[in-house]
Amino acid sequence: MGYDVIITGGSYAGMSAGLQLARARRKVLVIDGGQRRNRFAATSHGFLGQDGRAPADIAEDARAQLMAYPTVEWVSDTVVQARKEEGGFTLETSRGQHFQAQRLLLATGVVDDLPAVQGLAERWGKSVFHCPYCHGYELDQGPIGVLATSPMSLHHALMLPDWGPTTFFTNGVFEPDPEQRASLELRGVTLEAEPVERIEGERANVVLEGGRVVAIDGLFVLPRTRVGSSLAASLGCEFEDGPLGAFIQTDMTRETSVPGVFACGDAAMPFGSVALSVGDGVRAGSGVHRSLIFGAH
């Protein structure tokens, strides 16, 4: 086999895993299509030592540190097919390249499926967010909106008042019961049942169907997520149903249900962030390394 490990996905989790393997002097190939999940955001927050930096700068520094190790190679491409064979795996990229490795680590991330509300997608990562820990502080306690996408949005609405006065736009998704209404009232959340027509303005002003405008500094929404590649499914990996979408099932070492295939980062967690992805990559990289020493696939 050409490599000890091929990592599909070179964002934070994939590079973090690669660093552990590089430091174990293993031959590693990273194949990455350049589609980081947080590419729409100007700054990243909540990651100790990197707070407030541009996501692209964090990734660029990480890649430079990883590529300083002589056993690491990088291919800018997307894996379109993976086959399990005797002794390992063969991967094919969109440009027709073929690579082989003993182990495969899936760090492909997820895709956010946003609600079909006019003006929302254009503001994603700028004034429309999903993580209050990542972006709530910078709103400086200004007015905040939460757009319901599922019953899980109730939890979102109950959290956000710690970052600013909150309006919960239920948008016909669900009707809070009396107990839920009492919880929202206790947290000082304003309920808005009129459907949302569009988002407009420099920030994220919410225009309701009747024409009324609710001015807010930031809108939070929980999009549905899906794993950003079909590789796990095509290899037969099992999935778990999370509150926002299915993710790849793994054990404590981050090995999937398919021997020799590992997964980490957003694709293998119900919720994600840069800091969580980096930590998960450490677990996965060390798990892959141990399997190369002690496992037999």
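Bear in mind these aren't lab numbers, they're just calculated from the coordinates by the rules spelled out. Values in this document were obtained by computation on a predicted structure and should not be read as measured data. Cβ: placed from backbone, ideal geometry, glycine included. Neighbour counts: every protein chain shown.
Values as computed for the structure displayed
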read-out	value
For a label point 7 Å along the Cα-to-beta-carbon line of Glu122, residues of segment 176-196 with backbone N under 20 Å	196
Listed residue (Gly287, Leu191, Ile248) projecting farthest to the positive dipole end of the chain, Cβ model	Gly287
Set of segment 117-157 residues, backbone N closer than 11 Å to the point 7 Å along the Cα-Cβ line of Phe271	131-134, 155-156
Backbone N within segment 131-146 under 18 Å of label point (7 Å from Glu209 Cα along the Cβ vector)	none
Ordering of 54-66, 162-174 by burial proxy (mean other Cβ atoms within 10 Å per residue, highest first)	162-174, 54-66
Extended-chain gain in nm, criterion 0.36 nm per residue less alpha-carbon gap, Val282 and Arg187	30.4 nm
Dipole of segment 134-224, positive end: most advanced residue of Phe168, Pro143, Phe220 [Cβ charges, Cα centre]	Phe220
Three-way shape label, the chain, alpha-carbon gyration tensor, a/c 1.5	prolate
Only Lys, Arg (+1) and Asp, Glu (-1) charged, at Cβ; the chain dipole about Cα centre in debye	1100
Cα gyration tensor category, rounded, prolate or oblate, for segment 112-175 with a/c compared to 1.5	oblate
Fully extended contour minus Cα-Cα distance, from Gln180 to Ala68, at 0.36 nm per residue	35.0 nm
Choice from Ser11, Ser277, Ser150 with maximal GNM fluctuation in the chain (Cα, 10 Å cutoff)	Ser150
For Gly242, distant residues with modelled amide H under 5 Å away	Phe247
Spherically averaged projected area in nm², based on the convex hull that wraps the Cα atoms of segment 155-294	11.2
Options Ala204, Leu235, Gly260, ranked by Cα towards positive dipole end of segment 194-297, top entry (Cβ charges)	Gly260
For segment 115-221, Kirkwood radius (reciprocal of mean inverse C-alpha pair distance, Å)	13.5
Calculated FRET efficiency for the pair His155/Leu292, C-beta based, R₀ 51 Å, to 0.05	0.80
Mean residue ellipticity (222 nm) of the chain, computed from DSSP H runs ≥ 4 via -39,500 (n - 2.57), nearest 500	-7000 deg cm²/dmol
Sites Glu200 and Asp57 - FRET efficiency at Förster radius 22 Å, r taken between beta-carbons, to 0.05	0.10
GNM result for the chain, Cα springs below 10 Å: residue of Phe40, Phe220, Phe262 fluctuating most strongly	Phe40
Gyration tensor verdict on segment 1-129 (Cα atoms; rounded if a/c is under 1.5, prolate if a/b is larger than b/c, oblate otherwise)	oblate
Euclidean distance of C-alpha centroids, segment 109-178 and segment 268-289, integer Å	25
